[in-house]
1. Going residue by residue through region 126-138, is there one that turns out to be within 16 Å of the ligand (Cβ to nearest atom) and in contact (Cβ under 8 Å) with a residue 40 or more places away in the chain?
2. Across region 38-86, what is the number of residues that are in contact (Cβ under 8 Å) with a residue 24 or more places away in the chain and more than 20 Å from Ile7 (Cα to Cα)?
3. Within region 71-86, work out how many residues are more than 16 Å from the ligand (Cβ to nearest atom) and in contact with a Pro (Cβ under 8 Å, 6 or more places away or on another chain).
4. Looking only at region 175-203, count every residue that is crowded, with 23+ Cβ neighbours inside 10 Å, within 13 Å of the ligand (Cβ to nearest atom) and among the aliphatic types (A, V, I, L, M) and tell me the total.
5. Buried (at least 22 other Cβ atoms within 10 Å of the Cβ), part of a strand (DSSP E or B), among the small types (Gly, Ala, Ser) and within 8 Å of the ligand (Cβ to nearest atom): is that true of Gly32 in this structure?
6. Got a sec? Which of Val105, Val59, Val30 is β-branched (Val, Ile, Thr) and not assigned by TED's automatic domain parsing to the domain that holds Ile5?
Amino acid sequence: MQLEIKILTKMFGKGMVGLSDFSIIIEKGVLGLLGPNGAGKSTLMKIIATISKPTYGSVLLDGEDIVKNPDLIRKILGYLPQDFGVYPNLNAYEFLKYIAAMKGVGGAGLNKRIDMLLEGVNLIADAKRPIGTYSGGMKQRIGIAQALLNDPKILIFDEPTVGLDPEERVRFRQLISEMAGDAIVILSSHIVSDIETVADEVAIIKSGMLIEKNTAPEMISKVENKIFEIALSQSEVERFKSQYLVVNTTRQSDKMLLRYISGTHQPAANSRPVNATLEDAYLFLTKTQPYIR
Ligand SMILES: Nc1ncnc2c1ncn2[C@@H]1O[C@H](COP(=O)(O)OP(=O)(O)OP(=O)(O)O)[C@@H](O)[C@H]1O
């Protein structure tokens, strides 16, 4: 299975651009979308989920355009939107049965699948109380379960880990690894480590355009030997920031410890090299690299 997105553009009123000539090929596995606020991640996911139509461009599922024929993807799609709403008076079982009916999922195995999903998102114990009484993280988990109801071949999760505590984030990653199988899974997050642990490939988006699509180790290799730390006094920090791309600043007794990317410059005197992370690569690529056209 393959999704080929070709020169996709989404323009909103008043000249707002959601996506601009965006092209990417997505194949089986987990693709993590990273990008600053307003980069276009949700816009891209909504168009693939056929919730929104592009201004122009096409989305081909194994060669067939789903913009023209949305039913091709809808029956094999699981989607968790960013602003997932629930019916507060229904309990988890009732809600999932309702979504199953809307998706046309039924049959003898439905109750078993609902139990398995509720187990997977750790909601069995709370499954009989109204969703309106759930915490934000619990609502997010019922959202994850509903996206998986129809054993989808294409799964789209818009910021699925928002509101999840660390233990639930680990559980989510396990669930995705178990469920992914032969599916295409697309997920966005602002938490780089969430993407790094679960994604086979990462796409970095900025201003509606693709900056890089690669595996996390390949991206990290682009900043290998470029990451340094230096301890400076408070008065030296601003000048240093004007010369180098500083990715993190922490206080260390009377000094400031700056983590920075040397880029094409020589590292500053008295710096020490440190191992690069995906977060460093992300910041380097979003701050310095041109867009892919
Ligand atoms: N309905 C809309 N009307 C006008 N502009 C919109 C609309 N939806 C999105 N945009 C604009 O399109 C751009 C991309 O937005 P989008 O929500 O896709 O970004 P995002 O990467 O998902 O951001 P975030 O990480 O903050 O969720 C932004 O500039 C946003 O303001």
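1. Among the residues of region 126-138, not one is within 16 Å of the ligand (Cβ to nearest atom) and in contact (Cβ under 8 Å) with a residue 40 or more places away in the chain, which makes the answer no.
2. Selection size over region 38-86: 11.
3. Looking only at region 71-86, we keep the residues that are more than 16 Å from the ligand (Cβ to nearest atom), and these are 71-78, 85-86.
Now restrict to residues that are in contact with a Pro (Cβ under 8 Å, 6 or more places away or on another chain): 76-78.
The total comes to 3.
4. Number of matching residues: 4.
5. On the way: buried (at least 22 other Cβ atoms within 10 Å of the Cβ): yes; part of a strand (DSSP E or B): yes; among the small types (Gly, Ala, Ser): yes; within 8 Å of the ligand (Cβ to nearest atom): no.
Considered against the rule, which asks whether it is buried (at least 22 other Cβ atoms within 10 Å of the Cβ), part of a strand (DSSP E or B), among the small types (Gly, Ala, Ser) and within 8 Å of the ligand (Cβ to nearest atom), Gly32 comes out as no.
6. Matching residue, one of Val105, Val59, Val30: Val105.
Here is a yes/no grid of residues against (1) more than 20 Å from Leu148 (Cβ to Cβ); (2) at pLDDT 95 or above; (3) surrounded by fewer than 17 Cβ atoms within 10 Å (Cβ to Cβ); (4) touching a strand residue (DSSP E or B) at 6+ places or on another chain (Cβ under 7 Å):
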{"residue": "Leu8", "(1), (2), (3), (4)": "yes, yes, no, yes"}
{"residue": "Met11", "(1), (2), (3), (4)": "yes, yes, yes, yes"}
{"residue": "Asn37", "(1), (2), (3), (4)": "yes, no, yes, no"}
{"residue": "Gly40", "(1), (2), (3), (4)": "yes, yes, no, yes"}
{"residue": "Leu61", "(1), (2), (3), (4)": "no, yes, no, yes"}
{"residue": "Asp83", "(1), (2), (3), (4)": "no, no, yes, no"}
{"residue": "Tyr87", "(1), (2), (3), (4)": "no, no, yes, no"}
{"residue": "Asn91", "(1), (2), (3), (4)": "no, yes, no, yes"}
{"residue": "Arg113", "(1), (2), (3), (4)": "no, no, no, no"}
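Every residue, every condition in (1) in a loop (DSSP other than H, G, I, E, B); (2) within 25 Å of Arg113 (Cα to Cα); (3) away from the ligand (no atom under 12 Å from the Cβ), yes or no:
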residue	(1), (2), (3)
Lys14	no, no, no
Lys46	no, no, no
Thr50	yes, no, yes
Val59	no, no, yes
Asn69	yes, no, yes
Ala100	no, yes, yes
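The values are calculated or read from the model by the stated rules, or taken from the named source; none is laboratory data. Keep in mind that what you see is a predicted model, and the values were worked out from it rather than measured. When we count neighbours, we look across all protein chains shown, and the Cβ atoms used for this are built from the backbone with ideal geometry, even at glycine.
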